[in-house]
Amino acid sequence: MTALREKILVIEDEKDLVRLIRYNLEKEKFRVVSAGDAESGLVLARKAKPDLIILDIMLPKMDGLDFLRNFRKESQVPVVLLTAKRSELDRILGLKLGADDYVVKPFSVGELHARVEALLRRSNGQVNVDGKKPVLVGAIEVDFERHEVKVKGKATSLTPKEFELLRLLIEAKGKVLSRDQLLERIWGHGKDMEIDTRTVDQHIARLRHKLKAEATRISTVTNFGYQIKMN
Ligand code: CA
């Protein structure tokens, strides 16, 4: 018998989406509670004490960002934002307000699950990438909380996608990630006409360029994917 895993609170007013998320997380043995609006979500968060919250931005009455603003005054439980808007403003605002990660709708349940697992690992301290202090990989210093990257002490500016790529590679701790996996986790729709695995290659190329002397730390596994050399 497998023991039940962490408790996750889903705050989302789209019932079908809640059902889908619940079904998939319960399949992975998570305990799932849900609320259809921010007010009852706040009550439930205090009562049920979840280990992680999946929070939609677009909610009736109080929206997800207002929820987060209030909630962060009392708790540091990891929050994954669901957003329907691709605008950077929402993302950055959300992260500044204390969201730990986000996925853009439409997302695959696989992508959401991966984010949930990564965040829980971080908050359980099993991975170095705890978001609180910068992580050092060779001469690359990554501050996950502030979304800042330095190479040999010099700041380099990454786009959100490049940052996500670097984050996933570091979280994998040297394990090879396939281009499909990266595509799925970062862009979330591998079957899209305009975005294919070449997009991953292009972003890796730009990321390497920005990592300068540390570029060779990211290696290509021919016809498969990428990995990062951790030490
Ligand atoms: Ca909604």
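Coordinate-derived values only; no laboratory data. Computed from a prediction, not measured in an experiment: that's the story for all the values here.
Here are the numbers:
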| quantity | calculated |
| --- | --- |
| Entries in 7/133; 61/105; 73/173 that, when Cα-Cα distance is taken, lie over 29 Å | 73/173 |
| Reference-scaled alpha-carbon Rg (2.2 N^0.38 Å with N residues) for the chain | 1.02 |
| Coordinate range along principal axes, alpha carbons of the range 140-209, Å, largest first | 39, 22, 20 |
| Anchor residue 150: aspartates and glutamates whose Cα lies under 19 Å away (excluding residues fewer than 8 positions away in-chain) | 130, 141, 162, 164, 171, 214 |
| Kirkwood-type radius of the range 7-123, with distances r between different C-alpha atoms, in Å | 13.8 Å |
